[in-house]
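Structure, as structure tokens:
The values are calculated or read from the model by the stated rules, or taken from the named source; none is laboratory data. Since we're looking at a predicted model, the values are computed, not measured. All Cβ positions, glycine included, derive from the backbone under ideal geometry; neighbour counts span all protein chains shown. Just the protein is used for accessible areas: all its heavy atoms, side chains included, with ligands, DNA and RNA removed. Shrake-Rupley method; radii C 1.70, N 1.55, O 1.52, S 1.80 Å.
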Amino acid sequence: MARNIQSLERAAAMLRLLAGGERRLGLSDIASSLGLAKGTAHGILRTLQQEGFVEQDDASGRYQLGAELLRLGTTYLDVHELRARALVWTDDLARSSGESVHLGVLHQQGVLVVHHVFRPDDSRQVLEIGAMQPLHSTALGKVLSAYDPVAHSEAVEADRKAFTDRTVCELEDFEHILDITRARGYAADVEETWEGVASIAAPIHDGRRMPVGAVGITGAVERLRRDGELRSELIAAVRDCARAVSRDLGAGRF
């Protein structure tokens, strides 16, 4: 019978400890709770921190679970539950806006479209479920980059390619757009990815207030804008849809 690897067992016990009880724990608390020497506990914590499974508060020095661990533990279930919870609301958004609706999640270095509702007209359209979109130029990608620390890291470290002359590629400018996105609660893409196409997206959160995806509409620039500005009623409709899905996932009101 294969023997268990002690360091992995200790790391697993440490993660379970951080997952329950107080939100943050100090090194002494962790070591004494698990019966480990401080040096041993610190070495395991340092490794977990390097992998993104644990984060350390700069001010207090205490530890908590990291975003990467939360993502690994919930991604598979989140995607399927997210799509199931969003079906009705995305259909409603397509009807009220008259535009196509996309539901996206972070996947590798981009946005994976996990649900697509066609624009409610008789035009020829192609189903885009499974398609990938860039993080830095699309509305879905900007929303994920603004609210999800892992997506933000991916976008910052990636080669931000220019798709049109409107694409924002410089890091300082991109970070400014993310600040605006967080301040107003939605992101926009006006001919930054595709000529003649605009999109609006908003974040979806789960019951732990973790960002699990984004929902948005996409259509011709002339339909989404009026007098040079994105139509306020479309922005409101997208945000309402995101809030509704978030509530169904247990997030409550935002």
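Miscellaneous remarks
- Around the Cα centre of region 167-254, unit charges on the Cβ atoms of Lys, Arg, Asp and Glu (plus for the first two, minus for the last two) sum to a dipole of about 740 debye.
- Here SER60 and SER153 are evaluated by their C-beta separation; at R0 = 22 Å the FRET efficiency comes out at 0.40.
- Accessible surface ranking that places the most exposed of TYR147, TYR186, TYR63 first, with a 1.4 angstrom probe: TYR147, TYR186, TYR63
- Accessible surface ranking that places the most exposed of ASP165, ASP148 first, with a 1.4 angstrom probe: ASP165, ASP148
- Solvent exposure of region 129-184 amounts to 50 Å² per residue of accessible area, where only protein heavy atoms count and the probe is 1.4 Å.
- Nitroxide proxy distance, nm - points 7 Å out along Cα→Cβ at LEU17 and GLU222: 6.5
- Order of exposure, largest accessible area first, which applies to MET14, MET210, MET132 with probe 1.4 Å: MET132, MET210, MET14
- Inter-label distance, ASP122 to ILE180: 3.9 nm, where each label sits 7 Å from its Cα along the C-beta direction.
- The Cα-based radius of gyration and maximum Cα-Cα distance (Dmax) for the chain are 20.9, 72 Å.
- Once you divide the Cα radius of gyration of region 161-231 by 2.2 N^0.38 Å, the number left is 1.20.
- Options THR90, TYR63, HIS152, ranked by Cα towards positive dipole end of the chain, top entry (Cβ charges): TYR63
- Accessible surface of region 53-194, 1.4 Å probe: 51 percent of it comes from carbon and sulfur atoms.
- Most mobile listed residue (VAL54, VAL114, VAL79) in the chain, GNM with C-alpha springs under 10 Å: VAL54
- Region 129-164 and region 181-247: distance between their alpha carbon centers, rounded to Å: 14
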